Amino acid sequence: MTAKFFSLFIPIFILMDFIGTIPVFIALTKKFGRTDRIRIAFSSSVIAGSIVLVFSVLGQEIMTYFYISIDAVKVGGGLLLLYIAFQMILSGQLNYENNPLESRRSIIVSPLAIPMLAGPGSMTFGMISYLKLQGAEKFYLIAAVVTAVIAGALLLSVSSLIDRLLGQEFTKGLEKIMAIIVSFISLEMIMSGVKGYFY
């Protein structure tokens, strides 16, 4: 039982990429206070986890109903990530100061929940795992996603400590580096989707 749980939890936690999201989270939330950062961390994680769970259970039916392929999900998510990467590189920083409340709501859903945390990888893994699991085993998937969400939210919540300990210049440099990496990831997603669609 424990082995089954960890065989689901570890891939989901890795595919939701909470660790890789930390630099982007720091860059997006640097103008917010500690309470807002924690709220954003938990809200985005819960939304992402909900999306992964819904897609795990209903993914096949949703994609069949709307005639959506996983390749289309990859291209769409890749384009959105590429847009975020360009914003991070060209503007120097992501600016959300004009309307703090609206901007906080905005970044919770995109890019944090979608596609950074709930991306094609985590959604596809959840869907395939759900189809393979039998009977009560399906509850292991739900438990794995919930546990990953809690652990990931806690991890993002303490990311502000990294910002304070390592300094503003470090996080600015990290933001630039992460923007480049995000652009590579987005292009890989787009090319993978295009290749899968045509071949």
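The values are calculated or read from the model by the stated rules, or taken from the named source; none is laboratory data. Worth saying up front: this structure is predicted, and the values here are computed from it rather than measured. FYI the Cβ positions are ideal-geometry reconstructions off the backbone, even for glycines, and counts take in every protein chain you see.
Remarks
Table: residues versus (1) among the small types (Gly, Ala, Ser); (2) in contact with a Gly (Cβ under 8 Å, 6 or more places away or on another chain); (3) part of a helix (DSSP H, G or I); (4) more than 16 Å from Ile150 (Cβ to Cβ).
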position: Phe6; (1), (2), (3), (4): no, no, yes, no
position: Phe32; (1), (2), (3), (4): no, no, no, yes
position: Arg37; (1), (2), (3), (4): no, no, yes, yes
position: Ser45; (1), (2), (3), (4): yes, yes, yes, no
position: Tyr67; (1), (2), (3), (4): no, no, no, yes
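- Of the residues making up the stretch 49-73, those that are within 19 Å of the chain's Cα centre (by Cα) and touching a residue at least 60 places away in the same chain (Cβ under 8 Å) are Gly49, Ile51, Val52, Leu53, Phe55, Ser56, Val57, Gly59, Ile70, Asp71, Ala72, Val73.
- Taken over the stretch 20-48, the criterion of being at pLDDT below 90, under 11 Å from Leu156 (Cα atoms) and more than 10 Å from the chain's Cα centre (by Cα) is satisfied by Ile22, Pro23, Val24, Phe25, Ile26, Thr29.
- Residue ID - farthest from Ile177 (Cα to Cα), chosen from residues in the stretch 25-70 that are in contact with a Pro (Cβ under 9 Å, 6 or more places away or on another chain) and surrounded by fewer than 21 Cβ atoms within 10 Å (Cβ to Cβ): Ile70
- Taking the stretch 5-19 as the range and being surrounded by 14 or more Cβ atoms within 10 Å (Cβ to Cβ), more than 17 Å from Ile114 (Cβ to Cβ) and at pLDDT below 90 as the test, only Ile14 passes.
- Single unsatisfied condition, Ala143 versus (1) surrounded by fewer than 15 Cβ atoms within 10 Å (Cβ to Cβ); (2) modelled with pLDDT under 90; (3) on the phi < 0 side of the Ramachandran plot: (2)
- Leu80 vs. criteria modelled with pLDDT under 80 and within 13 Å of the chain's Cα centre (by Cα): yes
- When every residue of the stretch 157-176 is checked against the conditions, none turns out to be over 28 Å from Leu90 (Cβ atoms), buried (at least 19 other Cβ atoms within 10 Å of the Cβ), modelled with pLDDT of 90 or more and in contact with a helix residue (DSSP H, G or I) (Cβ under 7 Å, 6 or more places away or on another chain).
- Residues that are in contact (Cβ under 8 Å) with a residue 12 or more places away in the chain and charged (D, E, K, R) were ranked within the stretch 137-165; the one that is nearest to Ser56 (Cα to Cα) is Glu137.
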